[in-house]
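The next block holds one structure in the form of structure tokens; read it before the comments.
The values are calculated or read from the model by the stated rules, or taken from the named source; none is laboratory data. Computed from a prediction, not measured in an experiment: that's the story for all the values here. We work out accessible area using only protein heavy atoms, side chains counted, and drop any ligands, DNA or RNA first. Shrake-Rupley method; radii C 1.70, N 1.55, O 1.52, S 1.80 Å.
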Amino acid sequence: MKGEAWLFTGTALFFAATAVVYGWFSREPAGSAALCVSFVMASLVAVYLWRQYRRGGERPEDRKEGEVQEAGGRHAFFPARSYFPVLAAAGSALIGLGVVQGLWLCLIGFGVLLPGVLGFAFQNLGTPDSEE
């Protein structure tokens, strides 16, 4: 994760410097806001990757003398197939249509979205493999 963390840290610093220079010379708020949002998003990913690197330690990919065999074994928990993401996506689409068409469709969308999100979030709560 160290390489990825450095990559996104550099990207965030690039967006920060670009936002300052662009804001200084252009005096235009839309481009400055877009660059600031890009800086924040790249910073969030960089912070997450640095945290994962500190929590999980150095991976074989982070060392120059790392071998492929060192990276073998179980790395993460992957849940079984689920239809909850499809339900959440359908609810989100209905909410988007409801904003355009009317409140009634938006309310139906929230009714479809809520079980999709809750089911997606808690579907593996009781499985023994989901704990680390």
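Whenever you get a sec, compute what percent of the accessible area on the stretch 1-66 sits on carbon and sulfur atoms (1.4 Å probe).
Values: 3370 of 4850 Å².
Of the solvent-accessible surface of the stretch 1-66, carbon and sulfur hold 69 percent.
Counting only heavy atoms of the protein chains, get the accessible area per residue of the stretch 9-49 (1.4 Å probe) and round it to a whole Å² value.
Per-residue value: 66 Å².
For Leu103 and Met41, calculate 0.36 nm times their separation in residues minus their Cα-Cα distance, and state this gained length in nm to one decimal. Walk me through the numbers before you get to the answer.
Numbers: separation 62, 0.36 × 62 = 22.32 nm, distance 3.16 nm.
Between Leu103 and Met41, full extension yields an extra 19.2 nm.
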